[in-house]
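Bear in mind these aren't lab numbers, they're just calculated from the coordinates by the rules spelled out. Note that the coordinates shown come from a computational prediction; the quantities given were computed from them, not determined experimentally. Note: ideal-geometry Cβ built from the backbone for every residue, glycine included; neighbour counts use all protein chains shown.
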Amino acid sequence: MTESRKPLMAGNWKMNLNHFEATAHVQRMAFALTAEDYEACEVLVLTPFTDIRSVQVLIEGDKIGIKYGAQDVSEHDSGAYTGEVSGSMLAKLGCGYAVVGHSERRQYHGEDNSTVNRKALAALRHSLTPIIAFGESLQIRESGEQVAFVLGQVEQCLAGFTDEQARASVLAYEPIWAIGTGLTASPEDAQEVCAAVREWLVERFSAETAAAIRILYGGSMKAANAAELMAQPDIDGGLVGGASLDPDEFVTMVRYRLHAS
Ligand code: 13P
């Protein structure tokens, strides 16, 4: 990871923690985190939609340095889309980020790369940073085709992006076989894919743009393995599921710099 890319530790709570629990959780993190922690690492929570207002009031009221965002965003800006939440609604609540293309959205809600592309562009229209997620299945990993597969995903997810739009985005490599399974990609395996993605960004955009874009790793990341993953040159942060539900563990992950061997 280079100096120009501030590390980002993002907790994806998925469908966990109601707004009461969310408030207590953020308070506990805020109590533990110091000015040095925020200086060294951007701290982000990606909460259920129903938590966002409570988290906003707490964070703004107490001037807490934790950032917050959503786990999804509609590709549409407004209209007859029952159940959807627009980028402008999220921006109005002070969200800075929205995940698009999480494998669980792809698997359970039929989202494909073109949906992800439209959602990322919708986020950007409303000045939200899309966290664009992608990653291969176990079958593809076992066939050894992971790099080609992931580059195909990234190409389609970023179709039509300008340099500026790419720089305003975060990428997240989450191998499906590592999500929620306890099977973390080895630092070398994660680095292989993240490095290939950055090389693709150099070709598609420019060396400067590629050097500015943060690439996160996600998949059974926890306090015990955060430092070795973060030590990889092309891994700039974590997209953390299960381990982010324990505020103490997540704070330890934000402090990975203190645990590097
Ligand atoms: P786990 O950390 O629970 O494996 O989940 C990863 C993930 O999907 C984050 O978006």
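Give the peptides 106-115, 124-133 in descending order of average Cβ contacts within 10 Å, highest first.
The most tightly packed comes first, giving 124-133, 106-115.
What is the spread of the Cα atoms of region 175-261 along each of their three principal axes, largest first, in whole Å?
Answer, in whole Å and largest first: 39, 28, 22 Å.
With the cut-off at 18 Å, tell me which of the pairs K6/K119; K14/K222; K67/K119 have Cα atoms farther apart than that.
K6/K119; K67/K119
Relative to the compact globular guide of 2.2 N^0.38 Å, what is the alpha carbon radius of gyration of region 35-103, as a ratio?
Normalised by 2.2 N^0.38 Å, the Cα Rg of region 35-103 equals 1.21.
What is the chain's relative contact order, in percent, from Cα pairs under 8 angstrom and six or more apart in sequence?
21
Under a crude label model (7 Å from the Cα following the beta-carbon direction), how far is K92 from Q139 in nanometres?
Those two pseudo-labels are separated by 4.3 nm.
Ranked highest first by the average count of other Cβ atoms within 10 Å around their residues, in what order do 177-187, 235-245, 31-41 fall?
So the order, starting with the most tightly packed, is 235-245, 177-187, 31-41.
State to the nearest 20 debye the size of the charge dipole of region 24-91 about its Cα centre, where the only charges are +1 on K and R beta carbons and -1 on D and E beta carbons.
In total the dipole reaches around 240 debye.
From the convex hull of the Cα coordinates of region 120-190, what is the mean projected area in square nanometres?
For the Cα atoms of region 120-190, the hull's average projected area reads 5.4 nm².
Would you grab the residues whose amide H sits under 5 Å from the one on V100? Only those 5+ places off in sequence or on another chain, please, with H modelled 1.01 Å from N.
Sorted by chain and number, the residues that satisfy this are I131, I132, A133.
Per 0.36 nm of contour for each residue apart, how much would the distance between D246 and Q156 grow if the chain were fully extended, relative to their Cα-Cα spacing?
Here the segment from D246 to Q156 would lengthen by 28.9 nm.
Mind checking the full-extension length gain between A195 and T50? Use 0.36 nm per residue of separation minus the Cα-Cα distance, one decimal, nm.
48.6 nm
Taking the chain as a Gaussian network, where each spring joins two C-alpha atoms under 10 Å apart, which residue of V43, V170, V85 fluctuates the most?
So, out of V43, V170, V85, the one fluctuating most is V85.
Would you report the distance distribution of C-alpha pairs in region 116-261 as whole percents per 5 angstrom bin, up to the bin with the largest distance?
2, 10, 19, 22, 20, 15, 10, 2, 0
For R204 and V57, calculate 0.36 nm times their separation in residues minus their Cα-Cα distance, and state this gained length in nm to one decimal.
Contour length minus the Cα-Cα distance gives 48.9 nm.
Would you calculate the convex hull of the Cα atoms in region 1-130 and tell me its volume per residue in Å³?
Residue-normalised Cα hull volume stands at 121 Å³.
Note the per residue figure in Å³ for the convex hull of the C-alpha positions in the chain.
Value for the chain: 117 Å³ per residue.
To the nearest 500 deg cm²/dmol, what mean residue ellipticity at 222 nm is calculated for the chain from DSSP H runs of n ≥ 4 alone, each contributing -39,500 (n - 2.57), summed and divided by the residues?
After summing the helix terms and dividing by residue count, I get -13000 deg cm²/dmol.
Quick one: which residues, 5+ away or cross-chain, put their amide H under 5 Å from the amide H of V240? H built at 1.01 Å from N.
Answer set, sorted by chain and number: A10, G11, N12.
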